[in-house]
Structures are given as C-alpha cells and as structure tokens.
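*Asks:* Structure incoming, see below.
What follows is calculated from the coordinates using simple rules that are stated; it is not laboratory data. Everything numeric in this text was worked out from a predicted model, so none of it was measured. Reconstructed Cβ throughout: ideal geometry from the backbone, glycine too, with neighbour counts over all protein chains shown.
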Amino acid sequence: MLSHGPRPPDGSPTDESQRSIGFWKAVFRSDLGEIYLASCNPAVRSSLAFRIVEAVVDRRHGSNYRSRVLHCPPPHLLWITRQRAETSARFIHRAYCRALWRERGYGARLALLAWYLAWPPVFAFTSIWFTILNGRAIARRTGKSIARQVMEQLNVAWRFGCLPPSYYMFELFDEQKLARAGEYLHRFELKGGIYRLMKSQAVPNIANKNEFIKKCRANGLQVPDIHLIQRSGNPFEDSGLPPCDLFIKTLRGNGGTGAEAWLYTPDDHYQSLLDGERVGRSDLLERIKNRDEEVIIQTRLLNHESLRDLSNGALSTVRILTLLDETGTYEATHAGLRMAVGANRLVDNSHAGGIIAAVEMKSGRLGPATDIGLRPEVGWRTHHPDTGAAIEGRVLPFWPETVALACRAHATFAPRVLIGWDIAITSEGPVLIEGNGAPGIDLIQRAYREPAGNSRLGELICVHLRNDPATMALID
C-alpha cells in the first residue's frame, strides 16, 4: 500500500503538473523513499497520478473468496495443481493455486481465465521496467547479459509465478539462488490466500491500534504511552497534549501511513521532525482534531543508546515473525532490524525507503543491511549509509527479552497462527509497537539471502494448512 503522510517536505513544487511529474519520476525509478516523501504532500495525495498508482498497487480480485488474485493469476495456476508436493514450498504454492481454482464456480473460473490473459503484458511491462533499472548493473556484476537476465525472468515467472521485480529483489541472477527459485514464498500467494487458509476460526483483531494497545496493556505487555483522538475530534482519553516529543499515526494505517513526529521545545512548542515547522500546543491539537483519519498520539520513543547511531532520527524497530508450532507454543523464526535512511526521518519501513538487516535468532547478531532491492544503488551495506556506524556484526541489546516479548504477545492474541511484530529496543528494554496479522516476508527473505519456503516458517505454515479440515477439503 502507498504510504500517506500529513505534511509536505521542504522544496515541494507548488505547480500541480510539476508535482505529478516528480511523483511519476519517483514511481518509474522505484525510489520508495522519494515516493513516500512525495506522498507526504496533501496535493500529491489528491492528484490523479497518486490515485492511479494506488489503484494499481492495491488491485485485487475475488474478495468473496478466501483465495484472491493480486493483479493477475500466476502462470503456473493451470499445471501446478496436478503436481506432487514433495516439499513445504511446493505444498504452499500448490495449496494457493488449488484454492484459487476450486473455490470458484464455472463462471468465476472463466473470469479467472480471462484475467489469466493479462499475464503476458504484465510480465512484458515489468520486465522492461526493472531490467532498465537493474540490467546493466547486474551485467557488470555477474557477466550475465541483459538478454540472459530476461530469459531467466521468463523462466522463473512461468515456473514459479516469480515476476521480474522479485527476480532482482531475491537476486535470482545469482546461480545458487536461481537454483532455489521455487522455494521463495510470494506476497501474492501469502496475502492472496495462504494466510486466510490457515485459519477457519475467528481470531482477535490486531489491525485496530486502539484495541491492540488495550489488550496488550491488560496482559502486561510493554507498549508506548498514548493519547487517542477520534475522527470526530472528540477526545478518547485526554484532550490535551503532553509536554514531550510525540509520534502520531493513524488508527488503522500501515506502512508509515499518516505518520508525524513532533519534538517538544522548552518554549512549549512542537517542531516537526520532517520539515522543521514550529507550532504551539493548541495549534497542533487543533490540527490533529481536523484530520480526516482517526489517529493515535504516542510518546515518541528513542532507541537504546547502543543503537542510536543506526538511525537518522526515526525509531528503528525489529520485525520478528512468530508462529504457533506443533506443540502449541510460540516460536520466533526470523527477524530483521529496520532502519530509516535519507530524508525520511519519520518511519523505518522498507516500503518507505528504509533498510533492513537480518538478525541471527540465537545470538541477536546483525548481518549486512539492504533495501527492498528494486534498484541497484543500495545493494548491501555493512555500515549505515547516513551515520557511517557499523551494522554487520553488531549484537542487539535485550535480544532474549525481545524474542520473549514477541512470543508472549502472540500468546495474548491466540489462536492466530502467524504474526509479524514490530518491537523497539529502548534503554528500558523492548517495547511492543505493532502487530501484523498478515506480514509480508519479501524483505525477510531478501535480508536472509535465502528463501523461506522450506525453512522452519514454511514447515509450520504447512502444518497449519494440513491441520485445518476446511482447508484440506479444498486443497487436498
């Protein structure tokens, strides 16, 4: 989803056509940081260009079914359903495609086949787009010609539904990774159906941040201090603003949507971390009340002293994936430290241009950091691009406590099967920021430099698919 924010950065063009041109340039460069900053401008968010891109990014079909199509059906839809599932990854791929086909009646299947015809132009467009962005750099690095890269893109797309952006994201131009291309799990199948197929029973809601925080507090989980203001402007907990640094986010937003950070000054004003604007307490409160969305106002947290040099000002969080295992306990399988870079000082999300470093689960030791991999400029960094501080080899403080908090939080939101937790490590210990019931794992797989389909995560996904009678009746 595209990220929205409330304020324009310095130097934003005032002419609508210039703003649209600048936004389109950022889109075609796949510069997620620039896209995020541009979308902080209300004029950009209301532009036709933004609405077009948002509609394309969020395009889905089949909302009446548990299995849905993101953009167009995968190429292997018509033949993978007849293959044996020898591995966890193959079972997951097959389960999604079987559910996609078998849930639908004859009319819906015809519509699915009609959308299937969209695959060739989607592949051609994305192949041209991302090969232009990456092809020459990869050719210099690996010796693979652009023509060979395109042929490999076609091969993995046809066999595994892996479109050209994922070819570069997962570095499938590397021969060892290319040999394991079928083991990668994809957003279109996880968010398109697998997450819903793992659960036929009702589960607690974690998308509503107000209900999430209430439940966490009731169960003794450490969360930030908050003030909540509803859409109508009526105060939920407190009509005033505390004299401290504040972080504001939308009640139901994700990916940095609607984020603001304000630094409290000794003269009882607040200064925007994004553009330096200064406002009084009453002015800021009135501005918040006049926003269209429901928002949460939190005390702005700071990272542990040993981690502050890995930030450009935004709070760095650890994304931890936890799953319910075969014994009924909760297991953390993957984690990554997220860090903001560049002009975006609000959020650390990779989809807002941030970087992520894989965390070794036993020790808490960091690997090198990378971005989402849609462009060749960032690559892999052993040091933070802005501060120069070492990333690789650093051990996270309070690591056992951080993992334990994630597992305790998962138990609080049982019977959910898989949750992605965002946890800030502060000087006082880990603090639970958010939970995501349908986490993307593209960045986790990229950061770990290996696919997750046959990892412990993939194994547990298969366990839950097989343990759900309604799902097995559909996909077996």
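*Asks:* With θ set to phi - 60°, apply the Karplus curve 6.51 cos²θ - 1.76 cosθ + 1.60 along the range 319-334 and write out the HN-Hα couplings as whole Hz, x wherever there is a Gly or Pro.
*Replies:* 8, 10, 9, 10, 9, 6, 9, 5, 8, x, 9, 10, 10, 8, 9, 9
*Asks:* In terms of the ratio Rg/(2.2 N^0.38 Å) built on C-alpha atoms, what value belongs to the range 392-445?
*Replies:* On the way: Rg = 12.1 Å, N = 54, 2.2 N^0.38 = 10.0 Å.
Expressed relative to 2.2 N^0.38 Å, the Cα Rg reads 1.21.
*Asks:* Let me ask you something else. For the range 81-186, take every pair of Cα atoms, bin their distances at 10 Å starting from 0, and report each bin as a whole percent.
*Replies:* 13, 39, 31, 14, 2
*Asks:* Can I ask one more? Take each of the peptides 287-294, 319-326, 335-342, 39-46, average the number of other beta-carbon atoms within 10 Å over its residues, and list them starting from the highest.
*Replies:* So the peptides 287-294, 319-326, 335-342, 39-46, ranked by packing, come out 335-342, 319-326, 39-46, 287-294.
*Asks:* For VAL347, what residues show an amide H to amide H distance below 5 Å, using hydrogens built from the backbone and excluding near sequence neighbours?
*Replies:* So VAL347 has HN proximity to no qualifying residue.
*Asks:* Taking the range 37-106 on its own, what percent of its Cα-Cα pair distances exceed 15 Å? Spell out each step's value before the answer.
*Replies:* Working: 1561 of 2415 pairs.
Percent of Cα pairs beyond 15 Å in the range 37-106: 65.
*Asks:* Please report the projected area of the chain's Cα convex hull averaged over all directions, in nm².
*Replies:* On the way: hull surface 90.9 nm².
Average of the hull's projected areas for the chain equals 22.7 nm².
*Asks:* Binning every alpha carbon pair distance of the range 279-325 at 5 Å from zero, what are the percents per bin?
*Replies:* Percent of pairs per bin, in order: 4, 15, 14, 14, 14, 16, 15, 5, 2, 1, 0.
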